[in-house]
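Quick notes on the structure that follows.
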Protein chains: 2
Amino acid sequence: MKFTINRSAFTQQINNVQRAIPSKTTINILYGIKLALDNNGMTLIGSDADISIESHISVNDPLANLQIERSGQIVLPARLLNEIIKKLPQDEVVISVDDKFKATIQSGNAEFQIVGIDGNEYPRLPIIDLDHQIQLPTLTFKNMINQTIFAASNQESRPILTGLHLILEKDFLIGVATDSHRLSQREIPLKLSESSHNLDAITVPKKTMSELARIVPDNADLMMTLSNQQIIFTFENITIYSRLLEGNYPATDRLIPNSCETEIVLNAADFLQAIERASLLSHEGKNNIVQLDIQPDHIELFVKGNEIGNVAEEIQFVSSSGEALQISFNPDYMKEALRSFGDIEIKIQFNSPVRPMLLTPNENSELPHNDLLQLLTPVRTH
Amino acid sequence: MKFTINRSAFTQQINNVQRAIPSKTTINILYGIKLALDNNGMTLIGSDADISIESHISVNDPLANLQIERSGQIVLPARLLNEIIKKLPQDEVVISVDDKFKATIQSGNAEFQIVGIDGNEYPRLPIIDLDHQIQLPTLTFKNMINQTIFAASNQESRPILTGLHLILEKDFLIGVATDSHRLSQREIPLKLSESSHNLDAITVPKKTMSELARIVPDNADLMMTLSNQQIIFTFENITIYSRLLEGNYPATDRLIPNSCETEIVLNAADFLQAIERASLLSHEGKNNIVQLDIQPDHIELFVKGNEIGNVAEEIQFVSSSGEALQISFNPDYMKEALRSFGDIEIKIQFNSPVRPMLLTPNENSELPHNDLLQLLTPVRTH
């Protein structure tokens, strides 16, 4: 195995696949990147067994300038390979591997010899049937991930809640995440072909979704394939493979209230800043709670009675209707919910101090009403 | 106590004095910033008992727009005060303190109440005699700190070595730092008045010097005063007070060799990059050592025989004279020494594989010869 490649093109693809590589694993070979060369180009693979990222560099890629002298495959330590390639003195890198899997990396006057592992020992990726690909609206899909994923659970006690739940309908896709204290849901339009209509709902590990949102460019063509307890995303020269989470996702539909006793309309970004100020004090106290006092003509946010001090702020609002209400909640959950809306008018609906609050875009906001919703359980203070 | 101030001017000075505030201390009041108001303005103080930073905001400062309604003093929790002031909604901040030392911080609709401590309980700063101030060449002095301080020890077993040693002569100042494995020394010109001629050498804690180098602007007038086991630096509206380290600094003069058996001249920045590459592999092995093989016509840097691999690189040089030599050293110490020179030609002088290497600027470099020197003890490998 021997090839020549442009240093910065190589670094870029190493960085992409390295995102899947675990910082700690019991499977030693997964600390490595697999490099596989054939006549068409080089495939790089990184994996933590749950998620695998595969990147392909074609011999026709003018920036990579890949020249293959001998094909073959090897696994090299990922972190070290990345640092070496980054620090090499010249733009051109030559890598050759001998029959004992010792790799020689040469650039300018510098020559490294690194002990590698036979590429055949690396776990195989599933072979997938790409007949039923679903084209995703890339930017909208990325937004949907970022507007929901934070509400997924970090606790392995209910593994199914650590994922993003995707419900595929004829004309749209719904993403849902919940840790049982709060719930985020976004609906986006989607055109499915006839053959995909009978797809089930699935739950994807949150790490898969956040890595995807991080590495897929906004203007890339993004395709999704479901096959045999795996989900596969492809775009440009990258393929991301991930296992699905097993188990029954809770029926979250019935949690969303469809009436309310109190409703306020305000700017999400302004309210976020007030919550950030109030949380400076709630974080100092024993309980991380802020309180909201809603009157028809006055809305006040406050933290009181903790050992460091108090804070109170009158909140600017567009409208306030229905019953007066005092409600307490975790400001950190509220901050994440508010950030998902950006700088638009939102409606917050309440039923009682012990029932969930529903946040949705206001009717005259740019974001279509009901496409994005955030549900937040209050904290009982009495 | 009551005053009005511009938010961003206030934040800036809080940031300056907060640098002295310890993240952990047994003296609770030192988690606070002292604010003292009189008719002339406000003084802010932060301290970790060893170093104190004092900043003064004058009522005449047009950016601060400080208006004092009632003078007084208080100590408020530093981190919380900083975060609150940063996040307030308006440019104008009003702070008032009642007779129970509860501070009310008000800006726009937001109102915080924070429990403070009587300013009289805060430790007093020493009163200093500013008759014998020494004017420092600010930028050169900052460079001197950054080119030497890294060689000071981190080990409290010999406290005197954790400081930067300053020797004051009639026309110059010498800064020395050593951890007994390496030594850094820089001489800078200095004009002393007659009355300062009989000053002793002193040793200043490295934290004082690195904080000073970080906060003093390059173009500020920087003055130094020595008084009663304290050193005081003043510039603009800031005063830094620091204790001195007690004990006898070792006589380092005799450590610096004045002849050599082998001498090479090369570019410091190029050699630094080669050392950075080689250290990628030395860091993986049991011993963090790189080796240099010097021949009259060939210089090679290498790491060999460790479990991960080898690296070898032929080094570009300007000249190589004297005896052939193989020498081993810690690449991380060498990197810090090389960085102090920047991108210039340097001379490295050797006497034997077990005696220290001396790095100095080459005669035709811009940096005057011998003004900066780095001494590095090799590692014995046999």
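Only the coordinates and a few stated rules stand behind these numbers; no lab work does. Because the structure is predicted, anything quoted here is derived from the model rather than measured. Positions of Cβ are generated from backbone atoms using ideal geometry, with glycine treated the same way; all protein chains shown enter the neighbour counts.
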Checking the cross-link filter: which aspartates and glutamates have an alpha carbon closer than 13 Å to that of B:Lys286, excluding same-chain neighbours under 8 positions apart?
B:Glu307
Gaussian network model of chain A, springs between alpha carbon atoms under 10 Å - residue of A:Arg243, A:Arg182, A:Arg124 with greatest fluctuation
A:Arg124
Between the stretch B:42-113 and the stretch B:313-359, the alpha-carbon center distance in angstrom
52 Å
What is the Cα radius of gyration of the protein assembly as shown over 2.2 N^0.38 Å, N being its residue count?
1.19
Calculated diffusion of the stretch A:252-382, Stokes-Einstein form, Kirkwood radius summed over Cα pairs, 37 °C and 0.692 mPa s, µm²/s
221 µm²/s
Per DSSP helix of 4 or more residues, -39500 (n - 2.57); summed, then divided by the residues of chain B. What does that give at 222 nm, rounded to the nearest 500?
-5500 deg cm²/dmol
Anyone know which of B:Gln18, B:Gln147, B:Gln229 comes out most mobile in the 10 Å Cα GNM of chain B?
B:Gln229
Kindly flag which residue pairs out of A:Lys87/B:Lys347; A:Lys2/B:Lys304; B:Lys142/B:Lys207 have an alpha-carbon separation exceeding 18 Å in this structure.
A:Lys87/B:Lys347; A:Lys2/B:Lys304
Which residue, chosen from B:Ile14, B:Ser340, B:Thr262, occupies the Cα position most advanced towards the positive end of the dipole of chain B, where the dipole is computed from +1 (Lys, Arg) and -1 (Asp, Glu) charges on Cβ about the Cα centre?
B:Ile14
Peptide-level mean, for B:273-282, of C-beta atoms on other protein chains within 10 Å
4
When the Kirkwood hydrodynamic radius is evaluated over all pairs of different C-alpha atoms of chain B, what value in angstrom, to one decimal, is obtained?
23.6 Å
Taking only Cα atoms and a 10 Å spring cutoff, compute GNM fluctuations for chain B and point out the largest among B:Asp99, B:Asp91, B:Asp221.
B:Asp99
With N denoting the number of residues in the stretch A:133-243, provide Rg(C-alpha) divided by 2.2 N^0.38 Å, to two decimal places.
1.00
When the dipole is taken about the Cα centre of the stretch A:256-376, and only Lys, Arg (+1) and Asp, Glu (-1) are charged at their Cβ, what size is it in debye, to the nearest 20?
380 debye
Reduced to Cα centres, the span from the stretch B:114-152 to the stretch B:238-281 in Å works out to 25 Å
Sparsely packed GluC sites (Glu not before Pro) within the stretch A:82-181, loop by DSSP, other Cβ within 10 Å at most 12:
A:Glu156
How many nanometers, to one decimal and shortest first, lie between the label point of A:Leu125 and those of its other copies, if labels sit 7 Å from Cα toward Cβ?
6.2
Identify the residues of the stretch B:215-239 with backbone N under 20 Å of a label point that sits 7 angstrom from the Cα of B:Glu246 along the Cα-to-Cβ direction, or state none.
B:226-232
Relative compactness, the stretch B:2-121, computed as alpha-carbon Rg over 2.2 N^0.38 Å:
0.97
Expressed in angstrom, Rg and Dmax over the Cα atoms of the stretch B:307-382 are 13.5, 44
